[in-house]
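Heads up, the thing below is written out as structure tokens.
The values are calculated or read from the model by the stated rules, or taken from the named source; none is laboratory data. Keep in mind it's a predicted model, so treat the numbers as computed, not measured. Here the Cβ positions follow ideal geometry from the backbone for every residue, glycine too, while neighbour counts run over all protein chains shown.
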Amino acid sequence: MTALPDAPPAVAPPRPPERSARPRSRGPRLVRRALAYGFLLAVALLVLVPFGWMVSSSLKRNNQVLTVPIEWIPQEFRWSNFIEIWDRIPMATYLGNSVFLSVAITLLQLLTGSFAAYGFAKVRFPGRDALFLAYIATIAVPWQAYMVPQYIMMQRAELTNTYWSIILLQAFGAFGVFLMRQYYMSIPDELCEAARIDGLTEYGIYRRLMLPLSKPALASLALLTFVNTWNDYMGPFIYLTSNELWTIQLGLRSFVGQYDAEYAMIMTGAVLSVLPIVILFLIGQRYFIRGIATSGLK
Amino acid sequence: MAQAMTRSAPGGSPPKRPAWRGILIGWSFILPNFLGFALFTLIPMLAAFALAFLKWDSYNSPEWVGAANFRRLLSDENFYVALRNTFAYAGGHIPLTLVAALGLAVALDRKLRGVQFFRTAAFFPYITSLVAVAVVWNMLFNPTAGPVNQFLHALGVDDPPRWVASTDWAMPAVIVTSVWRDMGYYMVLFLAGLQTIPKEYYEAARVDGANTWQRFWKITLPCLRPTTFFVVVMLTIQSFKVLDLIVVMTDGGPGRSTLVLSQLIYREGITEGRFGYSSAIALVLFVIVLTVTVVQFRLNERSSTR
């Protein structure tokens, strides 16, 4: 779990073909394989049922959602839900706010995180390792234990109910530094040494050598940060009170609070709030999984 | 990860450069992040400790009161309820997620065409936003017409629980939801751990006639120990600080049946503005997490030297 390149769990390393100790006949093997698929399919169904139900409900009328027996496939597909929702709540504003916050925080995290990680991984100076330990230690402290002092600080600085509070609190996380440092540690020092002899400054090495080499790690960090910010509820919930600043998560939650019987509309909103993340995840799945397997941390 | 923390990095600079230049260059890299980190994480964290010994609310100026906040805690019924609920949540969430994640990882650690699809499916809930998860599960758990209870009816349960509408079953409902959401994440960690087990072990065991069950208990589990330990520590920290799922799904209710410590911190500190008192609760939460983690580390050391 230490270095990225040797921990690609999603893509299993090629294993030697199974040499069976005793020759098996073809029949049982086919049966075994069918059983394995059947089992996996059952597991996948169990995991995905809530999603299926969400999508199916989003295409129904409100009074068709909670029926006995369950209607898994709607009799008629009400695609109009997906048009109506934009008028019911300021969906476009919420989505735009979420995109803005996620992009801003991700960019800052990438920039400052990778920059600091280079200092921790490749520049030697006294006190460096102690400082890094302080970074790591804070990851283990639950955020809930210091959310109140953070809140007091933001209140005194009059930054509550602005995006500054969220951005400042989330853009400098220790996590990005940790993830990037792990990756830089796996890049051989000889490479930096050679660059130094060629006359590159440390900043040059960071920009021309490390950044291009660490693209996979940057992608992991970017995706994880983006998704975390997009899905974050407590941050915006604590700090953003004006409706026009709300993220999609807050908007959806408030819609549920106000119209708790509009089951289909709620599900339509839920689908729309999840959709961007699903697309992002399907595109960048590889980096996601690697980032998690490397760090083991959110 | 543990080794990476303590191992000092093989730093790169040749010895001919003066030391102060190294310090200057090193800090210039770290500073942009460190400023934000120190100001918005480190200082609040240290302040939280001090705040716990102050009497301070939004109207009055801070005043040193020693352990008064903690004495008040001992007579606060909400605190006991939240403490018990937090342990109940952790007691359900930790073992169930562990078993589910390990089960998924073992099931999906095979060379089978399309296995990647199943891994993606299992990981999917984790990237879904909590609000969507809570909204969907709240409806699935609907006492009268929810799919969960319809399923239980079909199985012959005449009087299925009322889940989020009942004080006894709200916590189990929250636990089920959180296990479903988190298992894919820990599955990824277990899958990474499984890749490190040499395949020769299984070959040898098969030649010796060990069946699947024996191979799992005698090879897979012992070899996975470092991963399992790491997962348990992460799960513990995550469980004790649970907040957002509860806020979105039940908001502590019905009654106080799902009120947890983090939520009490939020209510006292941010809603009510009792900064000192809420920090005392936060300190208790921190000490609990720290104690459990330290005990886990000790247990792990002892059994690995045995």
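In the set B:Phe216, B:Phe230, B:Phe190, only one residue is assigned to a helix (DSSP H, G or I), over 30 Å from B:Tyr277 (Cβ atoms) and under 13 Å from the mean Cα position of the chain (by Cα); that residue is B:Phe230.
Run A:Ala140 past the list (1) surrounded by fewer than 17 Cβ atoms within 10 Å (Cβ to Cβ); (2) more than 7 Å from chain B (Cβ to nearest Cβ) and report the number of the one that doesn't hold. Single failed check for A:Ala140: (2).
When the range A:91-107 is limited to residues that are β-branched (Val, Ile, Thr) and crowded, with 19+ Cβ neighbours inside 10 Å, the one that is nearest to B:Ala50 (Cα to Cα) turns out to be A:Ile105. Residues that are modelled with pLDDT under 50: list the helices (runs of 4 or more DSSP H) wholly contained in the range B:1-57 that include at least 1 such residues. In the range B:1-57, the matching helices (runs of 4 or more DSSP H) lie at B:2-6.
Condition test on A:Ala217, is it away from chain B (no Cβ under 11 Å) and of a type in the set (Gly, Ala, Ser)? Walk me through it before giving the result.
Details: away from chain B (no Cβ under 11 Å): yes; of a type in the set (Gly, Ala, Ser): yes.
It is true that A:Ala217 is away from chain B (no Cβ under 11 Å) and of a type in the set (Gly, Ala, Ser).
Checked against (1) part of a loop (DSSP other than H, G, I, E, B); (2) facing chain B (nearest Cβ under 10 Å), A:Ile205 passes all but condition (1).
Annotation note: Cβ proximity below 6 Å between a residue of the range B:54-66 that is among the basic types (Lys, Arg) and a residue that is surrounded by 10 or more Cβ atoms within 10 Å (Cβ to Cβ) (sequence gap 6+ or interchain) occurs for B:Lys55/B:Glu63; B:Lys55/B:Val65; B:Lys55/B:Gly276. Name every residue in the range B:252-277 that is farther than 22 Å from B:Leu290 by Cα, at the interface with another protein chain (Cβ under 10 Å from one of its Cβ atoms) and assigned to a loop (DSSP other than H, G, I, E, B), in order of residue number. Scanning the range B:252-277 gives a single hit, B:Gly273. Within the range A:157-177, can one find any residue that is farther than 17 Å from B:Ile237 by Cα, of a type in the set (D, E, K, R) and in a helix (DSSP H, G or I)? Looking through the range A:157-177, none of the residues is farther than 17 Å from B:Ile237 by Cα, of a type in the set (D, E, K, R) and in a helix (DSSP H, G or I). All told, B:Arg225 meets the bar of being basic (Lys, Arg), more than 10 Å from chain A (Cβ to nearest Cβ), within 21 Å of the chain's Cα centre (by Cα) and over 22 Å from B:Phe53 (Cα atoms).
If you check B:Pro226 against the conditions, is it more than 30 Å from B:Asn69 (Cβ to Cβ) and either surrounded by fewer than 16 Cβ atoms within 10 Å (Cβ to Cβ) or not aliphatic (A, V, I, L, M) (or both)? Walk me through how you get there before you give the answer.
Details: more than 30 Å from B:Asn69 (Cβ to Cβ): yes; either surrounded by fewer than 16 Cβ atoms within 10 Å (Cβ to Cβ) or not aliphatic (A, V, I, L, M) (or both): yes.
In short, yes.
Of the residues in the range B:71-94, at least one is surrounded by 13 or more Cβ atoms within 10 Å (Cβ to Cβ), within 13 Å of chain A (Cβ to nearest Cβ), touching a Phe, Trp or Tyr at 6+ places or on another chain (Cβ under 7 Å) and hydroxyl-bearing (Ser, Thr, Tyr).
Taken together, the residues in the range A:108-124 that are within 7 Å of chain B (Cβ to nearest Cβ) and either among the basic types (Lys, Arg) or surrounded by fewer than 21 Cβ atoms within 10 Å (Cβ to Cβ) (or both) amount to 2.
Can you pull out the residues in the range A:37-76 that are touching a helix residue (DSSP H, G or I) at 6+ places or on another chain (Cβ under 9 Å), at the interface with chain B (Cβ under 10 Å from one of its Cβ atoms) and farther than 20 Å from B:Val133 by Cα? Hits for the range A:37-76 are A:Phe39, A:Leu40, A:Leu41, A:Val68, A:Pro69. Selection of the range A:226-249 for residues being part of a helix (DSSP H, G or I), facing another protein chain (nearest Cβ under 8 Å) and farther than 13 Å from A:Val274 by Cα yields A:Met234, A:Phe237, A:Ile238. Within the range B:73-88, can one find any residue that is charged (D, E, K, R) and more than 24 Å from the chain's Cα centre (by Cα)? Yes, the range B:73-88 contains at least one residue that is charged (D, E, K, R) and more than 24 Å from the chain's Cα centre (by Cα).
Could you check, for the range B:118-141, whether at least one of its residues is more than 20 Å from A:Leu40 (Cβ to Cβ) and of a type in the set (D, E, K, R)? No, because not a single residue in the range B:118-141 is more than 20 Å from A:Leu40 (Cβ to Cβ) and of a type in the set (D, E, K, R). Would you check if there is a residue in the range B:122-144 being surrounded by fewer than 16 Cβ atoms within 10 Å (Cβ to Cβ), out of contact with any Phe, Trp or Tyr (no Cβ under 7 Å at 6 or more places or on another chain) and facing chain A (nearest Cβ under 10 Å)? Checked against the condition, which is being surrounded by fewer than 16 Cβ atoms within 10 Å (Cβ to Cβ), out of contact with any Phe, Trp or Tyr (no Cβ under 7 Å at 6 or more places or on another chain) and facing chain A (nearest Cβ under 10 Å), the range B:122-144 yields at least one hit. Taken over the range A:222-266, residues that are acidic (Asp, Glu) and free of Cβ contacts under 8 Å to residues at least 24 places away in the same chain amount to 1. A search for C-beta distances below 7 Å between a residue of the range A:203-219 that is loosely packed, with under 14 Cβ neighbours inside 10 Å and any residue that is not in a helix (DSSP H, G or I), counting only pairs 6+ apart in sequence or on different chains, returns A:Arg208/A:Leu200.
Give the residues of the range A:250-298 that are in contact with an Asp or Glu (Cβ under 9 Å, 6 or more places away or on another chain) and more than 8 Å from chain B (Cβ to nearest Cβ), sorted by residue number. Those that are in contact with an Asp or Glu (Cβ under 9 Å, 6 or more places away or on another chain) and more than 8 Å from chain B (Cβ to nearest Cβ): A:Phe255, A:Met265, A:Thr268. Being surrounded by fewer than 19 Cβ atoms within 10 Å (Cβ to Cβ), more than 25 Å from the chain's Cα centre (by Cα), assigned to a helix (DSSP H, G or I) and aromatic (Phe, Trp, Tyr): is that true of A:Trp79 here? Spelling it out, it is not the case that A:Trp79 is surrounded by fewer than 19 Cβ atoms within 10 Å (Cβ to Cβ), more than 25 Å from the chain's Cα centre (by Cα), assigned to a helix (DSSP H, G or I) and aromatic (Phe, Trp, Tyr).
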